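Read the structure below first, then the notes.
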């Protein structure tokens, strides 16, 4: 086990009722689960997202916490939240990092692996 480690998993959903394909507006929700798989308590301080649409247009988002929270996770604990993003194309990706600080003051980044945002039944 790594001393400082958060594992991140993601589930996505296309929000048809909030989207308007005729106006190039596609809205997606994503539910993130962050689990402290290390062996020391640590707090998520901030986030950095890289959002890329199918035209390779990149949008970066940075800010404190996630959905108004800066969760402190003990080893084995998890925090789950749902947020959203909109794209000008029906497909895109998101990836990024969470900046974290362990109880002992050690600073580390938790990787948010790249995940796909896509309309259902459109990728082969």
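Are there any pairs with C-beta distances below 7 angstrom linking a residue in the stretch 69-91 that is at positive phi to a residue that is surrounded by 15 or more Cβ atoms within 10 Å (Cβ to Cβ), with the two at least 6 apart or on different chains, and if so which?
Close Cβ pairs satisfying both conditions: 76/36.
Of the residues that make up the stretch 84-97, is at least one more than 11 Å from the chain's Cα centre (by Cα), modelled with pLDDT of 95 or more and over 13 Å from residue 117 (Cβ atoms)?
For the stretch 84-97, residues more than 11 Å from the chain's Cα centre (by Cα), modelled with pLDDT of 95 or more and over 13 Å from residue 117 (Cβ atoms): absent.
Confirm whether residue 52 is touching a strand residue (DSSP E or B) at 6+ places or on another chain (Cβ under 9 Å), surrounded by 12 or more Cβ atoms within 10 Å (Cβ to Cβ) and either farther than 16 Å from residue 93 by Cβ or in contact (Cβ under 8 Å) with a residue 60 or more places away in the chain (or both).
The answer is no for residue 52.
Looking at residue 19 and the list (1) within 16 Å of residue 97 (Cβ to Cβ); (2) surrounded by 15 or more Cβ atoms within 10 Å (Cβ to Cβ), which single condition is not satisfied?
Looking at each condition in turn, residue 19 falls short on (1).
Only residues that are surrounded by fewer than 14 Cβ atoms within 10 Å (Cβ to Cβ) and within 20 Å of the chain's Cα centre (by Cα): list them for the stretch 1-14, please.
11
The values are calculated or read from the model by the stated rules, or taken from the named source; none is laboratory data. Owing to the predicted nature of the structure, the values given are computational and were not obtained by experimental measurement. FYI the Cβ positions are ideal-geometry reconstructions off the backbone, even for glycines, and counts take in every protein chain you see.
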